[in-house]
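Here's the structure we're looking at; comments come further down.
Read the figures in this text as sums done on the coordinates, not as results from a lab. Quick caveat: nothing in here was measured; it's all calculated off a predicted structure. Glycine also receives a Cβ, built like all others from the backbone with ideal geometry; neighbour counts cover every protein chain displayed.
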Amino acid sequence: MAGRIQIRRAEREERATIADVLRESFAEFRPLYTEQGFSATTPGSEEIEARAREGPVWVALRGAVIIGTVSAVKKGESVYIRGMAVMPSARGSGAGTRLLEQVERWAADESISRIFLSTTPFLDSAIRLYEKLGFRRTVEGPHDLFGTALFTMERVIGK
């Protein structure tokens, strides 16, 4: 894929675009989610704004176009990754890897050595990416998102 991927903190006026990226990135999987599960996975701009108050939100750009996003929040002695999405047209570009590396850098800067996320069993390409980057499944919950099956993956990072 042509074009250099850049990662930066999201700006407040980009919240609606981030919500669009989430919705479009998960649209093909919508029939596999419950209605509430899909809504929780694809929050609107107000929820993105609320998440930004809890922790950083980053965007991946190719040129001036947002092609991916991720947010993170501290949970105890760990960092929880949420709202991870890459536009279908940008999958395989390295954007997902770059976004996860950004979360890892932030966690390390915060002296946190464990990052984790929840995903659904049907997001095969995302799961392969997580595994490639060293994430492993845990028995930790949650196991359900409004009736949509979930499992947790974690990665311990160096301090």
Viscosity 1.306 mPa s, temperature 10 °C: what is the translational diffusion coefficient of segment 39-131 from Stokes-Einstein with a Kirkwood Rh over Cα pairs, rounded to a whole number of µm²/s? 115 µm²/s
Val65 paired with Glu24, simple spin-label distance in nm, labels 7 Å along Cα-to-beta-carbon: 0.8 nm
Using a Gaussian network for the chain with springs between C-alpha atoms less than 10 Å apart, which of these wobbles most: Ala95, Ala19, Ala50? Ala50
Let me know the shape class of the chain, please: from the alpha-carbon gyration tensor, a ≥ b ≥ c as square roots of the eigenvalues, rounded when a/c is under 1.5, otherwise prolate if a/b is greater than b/c, or oblate. rounded
Along the Cα-to-Cβ line of Arg114, 7 Å from the Cα, sits a label point; which residues in segment 43-78 have backbone N less than 19 Å from it? 72-78
Just grab the label-to-label distance for Arg53 and Lys75, each label 7 Å out from Cα along the Cβ direction, in nm (one decimal). 2.0 nm
Row for segment 1-79, column shape: gyration tensor on C-alpha, a ≥ b ≥ c, rounded if a/c < 1.5 i.e. under 1.5, prolate if a/b over b/c, else oblate; value oblate
Test of understanding: given the chain, find the longest segment containing no GluC sites (Glu not before Pro) that are in a DSSP loop and have at most 15 other Cβ atoms within 10 Å. 12-76
